[in-house]
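These notes are about the structure you will find just below.
Taken together, the values in this text are just the output of simple stated rules run on the coordinates, not laboratory data. These numbers were taken from a predicted model, which means no experiment stands behind them. A quick note on method: Cβ atoms are made from the backbone with ideal geometry, for glycine too, and the neighbour counts reach across all protein chains shown.
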Amino acid sequence: MEHLRKLIREVPDFPKEGINFYDITTLLKDPEGLRNTINALTGEFNGVEIDTVIGIESRGFIFATPLAYHYNAGFVPVRKPKKLPAEKVSVSYDLEYGQDTLEMHKDAVGEGHRVLIVDDLLATGGTAKAVVDLVESLGGKIVGLLFVVELDFLGGRGKFNGYDVRSLIKYDS
């Protein structure tokens, strides 16, 4: 995946001093890089039965939709508050700098649905863990979590013992 890593722009001191931001917009704008990323992601869970692919707002949508198409599964967006029109479930979770909330439609996942959760980045794991909690509260079964980039040094993977967690590109520091 080194060829994909080279397409990711590293922005120092964003959003605040001391943080190194891994900007995937440079990967997305490269036609070959985008195609290679989608192809690599779709290969990760071949042979696994998936009913629903969940994309986490907002960059998760970019990757989850083509995966849903590939796996012949439905796509479900998990959104920030006040974006979904029908009855929804929500979860609040802690961030490094405060709290946030995510929502999904209450009827988006049913009992026993096999769910793949997709996002662009696994950092501390708080956002993805909140989505796991939402899915499981509705009776869904997590078949895996899939990320384009993982920041190993932040330890987010540790929140997912017993789950199948995969990422294409890992940063150690």
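Summary of computed values
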quantity: Single match in L95, L146, L134, L154 (criterion: more than 29 Å from T26 (Cβ to Cβ) and touching a residue at least 24 places away in the same chain (Cβ under 8 Å)); calculated: L134
quantity: Qualifying residue in the range 18-28 (condition: within 29 Å of V143 (Cβ to Cβ), assigned to a loop (DSSP other than H, G, I, E, B) and not charged (D, E, K, R)); calculated: yes
quantity: Filter result (assigned to a helix (DSSP H, G or I) and closer than 28 Å to E111 by Cα) within the range 139-173; calculated: G156, R157, G158, K159, F160
quantity: Residue among I38, I8, I50 that alone is among the aliphatic types (A, V, I, L, M) and under 24 Å from L154 (Cα atoms); calculated: I8
